[in-house]
Structures are given as C-alpha cells and as structure tokens.
Amino acid sequence: MKKIVAVVLCALASLAAMAQKVTVSGYISDAASGEMLISAGVISEDATSGRIITGAVSNNYGFYTLSLAKGRHTLVWSFLGYADRREELDLTRDTVINVRLEPSAQLQEAVVTARKEAGLNSTNTGALEVPQTVLESMPALFGEKDVLKSLQFLPGVQGGSTGSSGIYVRGGGPDENLILLDDIPLYGVNHMFGIFSVFTPEAVKKVTLFKGSFPARYGGRLSSVIDVRTNDGNMKEFHGLVSVGMLSDRVHLEGPIIKDKTAFSVSGRVLHSFLFTPVLRAFNVPANYYFYDLNGKITHKFSNEDRLIASVYHGRDRFLVRYDDGYGYDYDAEGHSINWQENYKGNDADVIRREKTNINMDWGNTVASLRWAHAFGSKLFANTTLAYNHYEMDVDLTYIDYMKDKEIENQEKMGVTYDSGINDIDFKVDFDYNPTPEHLIKFGAEYMHHDFRPQTATLSEKETTGKEVIIDTTMNMASGGKLIGHEATLYIEDDFVIGQRLSFNPGLHIGLFHTQGKTYASVQPRFSGRVDIGAGVSVKASYARMSQYVHLLASTDISLPTDLWVPITKDIKPETADQFSLGTYWDAGRGWEFSLEGYYKNMHNILEYKDGMSVLITSTGWESKVSMGQGRAYGMELFIQKKTGNTTGWLGYTLAKSERRFPDGSINRGEWFPFKYDRRHDVSLVVNHKFSDRIDVSGSWKFFTGGVTTLTTREFAVVDINDRQHTSDYVSSRGNYRLPPSHNLCLGINFHRQKRHGERVWNISVYNAYNHMNPDFVYKEGATEFEPGTYNVKREGIEVKKITVLPVLPSFSYTRKF
C-alpha cells in the first residue's frame, strides 16, 4: 500500500511540476532577408551566474521550442555569423517569440547547446555541418565553388580521381551515400564526368554530413548521409547575383512576391559551351558538351503555424556529335574522274560518297516537391512532403553510309538506342515532439514507389538499293525490363539529456521493400551517446545498422552516364552494414575544436562485377554479371578546426583500410582484396583568412596515398584448337597494383568592392599550384631492354605509365551581387 501511495505522490508531483512549466516557441530568421536559420541556438541562462540552464535549436524550418519554469528568465538566441540577441522575460504562460538575428561582419562563436544534430556538442558521432560561408571561401576549380569537393576535405571523406566531385565515405562506394536535396534523394549528382556536382552554390543554405551515427529518420544507404538544404528566398526585398566563370555562368534571383508572406528563390547555371555550337560546326569540330542546372523554390507563410513550400530542381548533361563527311566527282566523256570535291554536300555529281554520324547523349535529374510545415501548438511540429523524382539516361546513335555511282545508289543506315531510368513517387510525414526540455522525439513514416528501367538497348539496320529495301531489321540487344519496387519506412528516435553531463539518442528504423513478389524486412537499431567529462572534453559512442535497396553498377572509376542504377530483386538481396564508432572531443574555446574518432564497419551482400564482366551493352541481364559478397572497413580520423575569427579552417587526417571478399569464388578466387577506393593515409588542410572587407584569401592542400587498380602482371602465348597463336593477359589478383601518392595545392583570392547598387567580387584561383603530376589513371605498356650495342634482348616486361588529368590550372570569375 505504501508503494502505491509513493507512486501516486510521485506522479502527482510530476504533474504539478509540468503544470508550473511554460513553453517558448517560434521561428528564428535572418533579420535582413527573412530566411529561416537552421540549427540556430536558444538558451536560458541563470540571471546571477550566467550558467546555461537548458537550451534548444531550430529545426530545418527555423522552428524552435523551449520549455521553462514559470518566472524570470534570460534568453539568448545565437547563430554562427550573427550577433546574439538577449532578452529578460517574465514568463507566466506559453509564449510565441519570433526572433530575427542581425548578420555580423565577423564570424562569431554561437552559443553551445546540447540539441544540435551535428558538431562537437551533438550526441551523434561523425556528424559535421558545413555552412554556406565555408563553401563560399574554398578555392575554386575553373572558378566554380562546389559542395561535394568541399566535403572531400573532411576526415573520412575522399574523392575519386584528382579534381572530381565523387564522394567515398569510410570505405564505401559512390552509391552508398544518401544525397538529399531538401529531403529528396538524388541519383545523378555529377556533371562533366564527375568534375562538378549538380549543386549550384548560390542555391545552397547549409550542408550536413552524417558518417558515424545516423539519426533513425535516415535510411537506404550504407556509408553516409549528405543533407543539402536550399534557400527559401528573401521575404523583405529583391536581391540577385550574376557570375561569369571560365566554364560556366550562374544567376540567382530571390525576393518577396508578397512581402513577409511569400518569397521565391531561383538559381541557374549553364556551361557556356552551348553558345559555341554554331562556331564549332563552322570550324568542322564535330562534338560539343554542356550541362545546366535550374533550382526554384516558393515559400508561402499562411500564418505563424503554417507554411507551404514548393520546390523544383532540373539538371541535364548533353553530349552531341555531328559528323558529316564525303566526296563527289564527275566523269568526263572518256570515263575519267573530274571535278573532285572533298566534303561534298550536293546531289548532282556522278559519284557521291557520304558518311554521317549523329550521337546524342542526354542524362539528368528532375525533382519536384510540395511540403506543408505545421506547428501543432508549441511542442509538436509536422512536415508533410509529396515528391516526384525522375532520373534518366538516353543514348541515340545513327550512322548513315550513302554511295551513288552512275546508275547504282546504295544506302546503309544503322541506329543504336540505349536508355535507363528511375521514377520515384514519395510521400512522407515527419514529426518533431518536445514533451519536456530533456526530450526531443522525432518520428514519422514514408512510402516510396519505385519504377526502375535498368537498361534497354535496340539495334536497327536498314539497307536500300535504289528503291528496293534489302535489309530492314530491329533487334533488342538488351532489356532489363521494368522493375517495380514498393518501399515503406517507419522510424522513431529520442534525443534526450540526463542532467548536465549525459545525452543519448536511441532510435529504430524499420524498412520494407517489396519487389517481384518478394518482401524484404529490415530492422535497423540506432544508438549514440555522449558523456561530458568537463573542461570542454566529451566522449561519444554509437552503433548503427543500415540497409540499402538500390545499387550503382559502374565499370570505371569516373562518373559515366552509362553507369546503371538497379534495385534489389528476388535474387539480389539488400546490402547491410553494421558500424561502431568511438571518439573523444575537446572544445578548447575561442573557436578551436579537436576530435579523434575511430570506427569499424561490417558490410554484407555488397555487389561487384564478376571477373571479366562490365556494363557494356549485351543481351545478358545485369543480375548475371554481379556477385554478392562481404566487406569490412575500419580506421581513425583526427579533426582540428578553428571556426571563428579572421582566420578559420581545419586540419584533417584519416588512417583507414577497406577490403572486400566474395566467398563464391567468382571474384579473386574468394580471397580478401583491397577495395578500389582503399587509401591508407589522407591529409587535408584548409585555411581561410580575411584581411579586410575588401580582400580575403584561401588555400587548401590535400595528400593521400594511392588507391588500387588491377593490372596485367605478365603475358603468355596461347595456341587454340586451330593452331593459331595469340597473346593472353595474366592477372595475379584483383587490386594488385597500388598507385603512387597524390597531392595538390589550391589557392584563391577574392577582391570585394561595395558599390551603391551591390557588391562586385573578383575571384582568382589556381588549382594544383605547384603542378604536381598526379597519377589519376594508369595503363600498362610493353617494355623491352636490349644489351648495350646490340639488338639482343636483355629483359622484357610491362611498364606502368600514368595519366594526369588536371595539371596547374589558373581560373578567374566575376560576380555581381545586387
């Protein structure tokens, strides 16, 4: 009986305590533009000691909520790069306070809170925020700032070949990264065969990288989550930007449609080689390539509780070849050829021979979404999203061979079409719930309908003599068919604190994927914890299980449009990974942060091409070309960062190893071999310095040991059954050659000039400043050594030679802001 009374009394005491609580909520925005600020902090300070009592951060829509005891409080709102706002309040009931922070000329340290999802003081391991100010200050290749290239300088993240924007995280492949554009996954994220990413810099507001512990709301990839958020648009006044670089031109426009109610943001980028197509054709240059990106967003505020956001992204790459050549001549009375004309385009000559080749390659993404953000009172926030996602790649090749000789007229026409694509329809609901100051609960559900078309290829051939049709056939060379997938997700997580020292984030992600009559279920537990030891030192640990239902089949190390996105099937199981992380972290003050983190990751059912297989067009389906195996990756990452002041930057070092094994023996005889992106050491240094409001400089240096490739170790003669001799290559093992180390230095300087109607910025950058010839690709070549003064062979072997894609490259860009 006493125990029951004690429980009742405790419950009544809890209810009484809750009754004495009030909630402060609202939105935190930029005072100049009205742009919502993501992860801005709000804290309650003790009026006497200044000690932080509790705190919170704004979500992806700028909304915050903070529960406090009734009475007097000192509240402080802050965000990196903005001046703090401080208010003394006497709280007697739930209160809505919308806060506008003023931008600061100097990067100031934001108030630390325990609710941030990324960074030193978050509960998550391996989670980092990259604000737009950092992206703007990085040195540029061809005058182009790039989101994914900036991430390559973080520990645990590496790129592919030098200068590419490919991302490989903690021993994973390029398809193992969940890259989100305003919560919608992107499939094709590169332009120009991997040199640029699809993200227009002016459209990006913030980038968050998760590579250790993964919040439960994320799923579908094994190695990382890259969450890219775009600008909402200026609610106050019209602004714009025009930028001209060496390769591309950019424009950005934003402003109010209805002041303080509706805003738009539009960004565009294009490789200006498309303007030169007529010139190239005039000089008989047969090929041209260009890409473009378009971003658009409209944000409408119905009330303080309701906002509607419509956004769209459309980007394409186009590669065109127009080749038209031939000749013509006449016969004289004696049958001799006369009037010979090269590149003849007429129809009157006695003899005509013409060859035409047309190649059209077209690939890219289209993403559209509609979101409704609603605050149910002060403690519950909901975001409902409906999205459409389309990715496609089309190749159309036509070859015509026309010949006319007096009375004979013959034409051969061959055509090849090749295409693949994905259509997704996505519906999701996400909730943020703050029942008490100690708990932030996120939960939600998602359904995604996938329509995959892995590969379809046809060959057509038609031959005519005069008006008679000799051959007219169409053949289906490859067809992966249409694959339908139904993906459903449920998740819940709770980021909670216990006292002043402990914080935890347990979560559960449940995924279902149904295809070809078979359903795969995946239960993915997530956990991360943080212990504040004191003096700015903390320790974190995490565990995450991830599952992946789509894969990218690529036969080269560079991004090509013919790389295939394929789903799991009744025979191809989902990939899974279990990752453990442990680290120690030190906030040294004055903007200095230090961290040392280790990880171990086991992977299962990973896909790889069998020995001798690739993605070339054949009649064989892709499932027969791949094997399922296992992988493991482990390493340590050191990160030293200075975030505030006139001089900012970071130093990162990664020690890592990544391996693969396929027990069925179809690859490397079933033995462990190094993953092609396995690099033992990686060092990155980034420094930015602001001399004044008119001049700032930046520099980045990167060193990494070489990845691995597979090369022939010897050649031998083979005699077939017809007694014909030919040479065959012998490969000892997969990944048998490690490339030499690579390193490069990039420098940049910005000159700013403030005018009456806006700002002018001149950027000068130098990529690979000391012109190091990095081994981006290697190939083998036979080598023979002779005895001195004779032709007697002393030694025969194979010599490995390197190809450097990007030597020293200066670049210039001009930007006008208004």
So in the range 681-725, with the set limited to residues that are aliphatic (A, V, I, L, M) and part of a loop (DSSP other than H, G, I, E, B), which one is modelled with the lowest pLDDT? ILE721
Taking the residues in the range 337-373 that are surrounded by fewer than 17 Cβ atoms within 10 Å (Cβ to Cβ) and of a type in the set (Lys, Arg) as candidates, determine which candidate is farthest from ASN383 (Cα to Cα). ARG353
Checked against (1) outside any loop (DSSP other than H, G, I, E, B); (2) among the hydrophobic types (A, V, I, L, M, F, W, C); (3) in contact with a Leu (Cβ under 8 Å, 6 or more places away or on another chain), ALA216 satisfies every condition except (1)
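Does VAL270 meet the test of being of a type in the set (Val, Ile, Thr) and in contact with a Lys or Arg (Cβ under 9 Å, 6 or more places away or on another chain)? Steps first, answer last, please.
On the way: of a type in the set (Val, Ile, Thr): yes; in contact with a Lys or Arg (Cβ under 9 Å, 6 or more places away or on another chain): yes.
Yes, satisfied.
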Restricting the range 99-125 to residues that are modelled with pLDDT of 85 or more and touching a Ser or Thr at 6+ places or on another chain (Cβ under 6 Å), the residue that is most open to solvent (accessible area, probe 1.4 Å): ARG100
With the requirement that a residue be of a type outside the set (Val, Ile, Thr) and under 35 Å from the mean Cα position of the chain (by Cα), what does the range 86-103 give you? ASN98, ARG100, LEU101, GLU102, PRO103
Assuming SER542 fulfils every condition listed in (1) under 25 Å from the mean Cα position of the chain (by Cα); (2) among the small types (Gly, Ala, Ser); (3) open to solvent by 40 Å² or more (accessible area, probe 1.4 Å) apart from one, which condition is it? (3)
Identify all residues within the range 563-577 that are farther than 15 Å from TYR609 by Cα and open to solvent by 10 Å² or more (accessible area, probe 1.4 Å); write none if there are none. LYS570, ASP571, LYS573, PRO574, THR576
Can you confirm whether the range 144-165 contains a residue that is open to solvent by 10 Å² or more (accessible area, probe 1.4 Å), in a strand (DSSP E or B) and aromatic (Phe, Trp, Tyr)? no
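Look at ASP175 and say whether it is open to solvent by 10 Å² or more (accessible area, probe 1.4 Å) and at pLDDT below 90.
The answer is yes for ASP175.
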If you go through the range 411-422 one residue at a time, do you hit one that is among the hydroxyl-bearing types (Ser, Thr, Tyr), closer than 30 Å to LYS345 by Cβ and touching a residue at least 40 places away in the same chain (Cβ under 8 Å)? yes
Can you tell me how many residues in the range 747-764 are among the aromatic types (Phe, Trp, Tyr) and open to solvent by less than 80 Å² (accessible area, probe 1.4 Å)? 1
If you scan the range 759-818, which residues turn out to be more than 18 Å from THR709 (Cα to Cα), of a type in the set (S, T, N, Q) and either assigned to a strand (DSSP E or B) or at pLDDT 75 or above (or both)? ASN763, SER765, ASN768, ASN771, THR784, SER811, SER813, THR815
Hey, could you check the range 46-60 for residues that are touching a Lys or Arg at 6+ places or on another chain (Cβ under 7 Å) and more than 18 Å from ILE498 (Cα to Cα) and say which is most open to solvent (accessible area, probe 1.4 Å)? ALA47
Residue list for the range 446-484, restricted to those being farther than 22 Å from THR562 by Cα, open to solvent by less than 40 Å² (accessible area, probe 1.4 Å) and at pLDDT 85 or above: MET448
Within the range 532-607, strands (runs of 3 or more DSSP E) holding 2 or more residues that are hydroxyl-bearing (Ser, Thr, Tyr) and farther than 27 Å from ASP362 by Cα: 537-548, 575-589
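This table checks each residue for (1) in contact with a helix residue (DSSP H, G or I) (Cβ under 9 Å, 6 or more places away or on another chain); (2) among the hydrophobic types (A, V, I, L, M, F, W, C); (3) in contact (Cβ under 8 Å) with a residue 12 or more places away in the chain.
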site	(1), (2), (3)
SER39	no, no, yes
ARG51	no, no, no
SER58	no, no, yes
GLY62	no, no, yes
THR65	no, no, yes
ALA69	yes, yes, yes
HIS73	no, no, yes
LEU80	yes, yes, yes
GLU87	no, no, yes
Does ASP678 meet the test of being at pLDDT 80 or above, open to solvent by less than 60 Å² (accessible area, probe 1.4 Å), within 30 Å of PHE153 (Cα to Cα) and in a strand (DSSP E or B)? no
Filter the range 302-344 down to the residues that are in contact (Cβ under 8 Å) with a residue 60 or more places away in the chain and in contact with a Lys or Arg (Cβ under 6 Å, 6 or more places away or on another chain), then identify the one that is nearest to TYR290 (Cα to Cα). SER311
Among residues belonging to the range 578-604 that are in contact (Cβ under 8 Å) with a residue 60 or more places away in the chain and of a type in the set (D, E, K, R), point out the one that is most open to solvent (accessible area, probe 1.4 Å). ARG590
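Residue by residue, here is whether (1) in a strand (DSSP E or B); (2) of a type in the set (Asp, Glu) holds:
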{"site": "VAL225", "(1), (2)": "yes, no"}
{"site": "VAL228", "(1), (2)": "yes, no"}
{"site": "GLY233", "(1), (2)": "no, no"}
{"site": "GLU237", "(1), (2)": "no, yes"}
{"site": "LEU241", "(1), (2)": "yes, no"}
{"site": "VAL251", "(1), (2)": "yes, no"}
{"site": "ASP260", "(1), (2)": "no, yes"}
{"site": "ALA263", "(1), (2)": "yes, no"}
{"site": "THR277", "(1), (2)": "no, no"}
Considering only the range 650-661, I want to know if a residue exists there that is assigned to a loop (DSSP other than H, G, I, E, B) and open to solvent by 70 Å² or more (accessible area, probe 1.4 Å). no
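Results for (1) at pLDDT 85 or above; (2) closer than 24 Å to PRO215 by Cα; (3) among the aliphatic types (A, V, I, L, M), shown as yes or no for each residue.
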residue: ILE43; (1), (2), (3): yes, yes, yes
residue: GLY50; (1), (2), (3): no, no, no
residue: TYR61; (1), (2), (3): yes, yes, no
residue: LYS70; (1), (2), (3): yes, no, no
residue: LEU80; (1), (2), (3): no, yes, yes
residue: ALA83; (1), (2), (3): yes, no, yes
residue: LEU91; (1), (2), (3): yes, no, yes
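The values are calculated or read from the model by the stated rules, or taken from the named source; none is laboratory data. Quantities reported herein were computed from a predicted structural model and do not represent experimental measurements. Glycine also receives a Cβ, built like all others from the backbone with ideal geometry; neighbour counts cover every protein chain displayed. Keep in mind that these areas ignore ligands, DNA and RNA; they rest on the heavy atoms of the full protein, side chains included. Shrake-Rupley method; radii C 1.70, N 1.55, O 1.52, S 1.80 Å.
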